[in-house]
Amino acid sequence: MRTLLLLFIFFLSLNTLQAQVLNVERVRADADTTGWTGELGADFSLNKFNDRVIKVGGQANAAYFSDKHGYLLLTNIDLVNVDGNSLVSNGYVHLRSTLHRKNTLSPEGFVQYQYNDNLGLLNRAIAGVGIRYTFLSQPNLMGRISTGFMYEFEEWGLSDAVTVKNEFIKSTSNIVVRGQLNPQTSLTMIGYYQARPSRFFKPRATSENQLNIRMSRSLTFRVSFSMTYDVEPVIDVPNLTYELKNGIVLSF
């Protein structure tokens with residue numbers, strides 16, 4: 001417990017930037033039984049973008065698994081203090097269904113709404129379909145690849161810039177490898193690649209590593225580091241953004 005406390009204090013002291021891509025695989029539930037499952041989480045981060053930002057976040061995720069299919073609801077909202085001024089600047093809602101979830105090939109459909117005022121993302125709406133392929137399935141190790149297409153509407157703008165609106169059809173792919181290091185600790189590594197088909201080699205790509213340390217049957221200490229590189233940002237924001245987050249997750 002002393003080691004965990006030192007790690008917690010260390011991660012709270014870091015300055016980070018916030019990623020732009022919602023990572024579904026990071027919070028996807030993989031229940032072997034049918035029924036409802038979910039988690040409630042809270043985290044703290046200290047960010048540096050144009051201003052110094054202190055952020056307290058909360059997540060509520062729920063999933064229902066039938067014998068054949070799976071349904072997932074993800075929500076997040078961040079309470080942010082920017083140079084002493086409090087506001088709400090980041091949130092999303094994501095719905096996803098996976099058909100024949102236990103098969104090697106599983107069709108998926110999803111919709112999402114997201115905003116991030118700190119990065120100038122006023123609105124983002126997404127709807128898409130894809131196919132998930134399980135290439136590795138062992139008791140303590142799992143690997144999957146997903147690929148598909150999505151419709152994306154984005155509205156960007158900063159206080160001193162003109163609002164920019166875009167509508168695109170994009171390809172979206174990801175690879176995830178999840179392993180159990182010991183009975184209390186698991187590690188997940190994920191990579192995302194999103195691009196317009198006509199500009200396939202100018203993507204918005206994300207990498208994330210997540211470490212879960214189970215402290216009790218229902219409580220988990222979670223540390224995650226994500227990094228996003230956008231070859232062609234819509235507005236004048238950095239190509240590279242990253243975020244380090246830590247928090248406590250309550251599972252039920």
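The values are calculated or read from the model by the stated rules, or taken from the named source; none is laboratory data. This structure is a prediction, so every number in the text was calculated from the model and none was measured. Cβ sites come from the backbone with ideal geometry, for glycine too, and all protein chains shown count toward neighbours. Protein only, heavy atoms only, side chains kept; ligands, DNA and RNA dropped before computing areas. Shrake-Rupley method; radii C 1.70, N 1.55, O 1.52, S 1.80 Å.
The table for this structure:
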{"quantity": "Which numbered condition Ser218 misses (of (1) small (Gly, Ala, Ser); (2) within 17 Å of the chain's Cα centre (by Cα); (3) under 26 Å from Tyr64 (Cβ atoms))", "calculated": "(2)"}
{"quantity": "The one condition in (1) of a type in the set (D, E, K, R); (2) modelled with pLDDT of 90 or more; (3) touching a Phe, Trp or Tyr at 6+ places or on another chain (Cβ under 8 Å) that Glu243 fails to fulfil", "calculated": "(2)"}
{"quantity": "Odd one out for Arg28, checked against (1) over 14 Å from the mean Cα position of the chain (by Cα); (2) modelled with pLDDT under 75; (3) of a type in the set (D, E, K, R)", "calculated": "(1)"}
{"quantity": "Residues of the range 181-200 classified as of a type outside the set (A, V, I, L, M, F, W, C) and either assigned to a strand (DSSP E or B) or open to solvent by less than 50 Å² (accessible area, probe 1.4 Å) (or both), total", "calculated": "8"}
{"quantity": "Subset tally (residues that are aliphatic (A, V, I, L, M), open to solvent by less than 50 Å² (accessible area, probe 1.4 Å) and over 19 Å from Gly191 (Cα atoms)) for the range 217-252", "calculated": "4"}
{"quantity": "So Glu154, is it over 19 Å from Gly70 (Cβ atoms), among the acidic types (Asp, Glu) and crowded, with 17+ Cβ neighbours inside 10 Å", "calculated": "yes"}
{"quantity": "So Arg178, is it open to solvent by 30 Å² or more (accessible area, probe 1.4 Å) and under 30 Å from Phe221 (Cβ atoms)", "calculated": "yes"}
